[in-house]
Structure formats: structure tokens, C-alpha cells
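Novice: Here you go, one structure.
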Amino acid sequence: MLGAELAGGGHEIGSYSMRHCLMPECDARALAYEAGESRRILQTWLGLPIESFFYPNGNTDARTAHAVAQAGYRRRR
């Protein structure tokens, strides 16, 4: 599996959301979906913990950061 091979080679695998929307423009339900579902899918596909979230376009705010932390990410960029 390519992702697992990349991670094994020292590359970081992180989530970038489901639809790459501008997270501060999402309502609470969409934020939970964008952060949580993307993490769940990646972990299932790769069999690896996904601990990093990369904000689409770098857009974030306190509400977005909270939703991403609630989804279980340890690192947010």
C-alpha cells in the first residue's frame, strides 16, 4: 500500500479534510465531518494512526482548531 510505504519511509501522512473546503466557513456539523471522516477513512485505508491535520488553504480559526482537536488530531498545521 503506497501510503503505508511512504509512512514507513519517514514521510508524514496527514488529513486535509474531505472536500478541501475553507474550514472557517463550515458550520459545526460540517467541521466535524470534514475533520473526523477524513481521519477515519485514512486510518482505515492505511492501518496507521493519522495524527496531523493540514488546514485547506491554511484557513483556520478558534472554532475550526477546536473541531480538529476534537476529531483526535495531535498536530494541526
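Laboratory data are not the source of any read-out in this text; all were calculated from the coordinates shown. Not measured: the values here are computed from a predicted model. Don't worry about glycine lacking a Cβ; one is built from the backbone with ideal geometry, like all the others, and counts go over all protein chains shown.
Novice: Find out how many positive minus negative residues lie around residue 15, taking Lys and Arg as positive, Asp and Glu as negative, among other residues whose Cβ is under 15 Å from that of residue 15. If you can, show how the numbers build up before the last one.
Specialist: Numbers: positive: 19, 39, 40, 74, 75, 76, 77; negative: 12, 34, 37, 51.
That sum, taken over residues with Cβ under 15 Å, equals +3.
Novice: Right, next: Could you tell me the ratio Rg/Rh of the chain? Both radii from Cα atoms, Rh via Kirkwood.
Specialist: Values: Rg = 12.1 Å, Rh = 12.4 Å.
Reported Rg/Rh (Cα atoms, Kirkwood Rh): 0.98.
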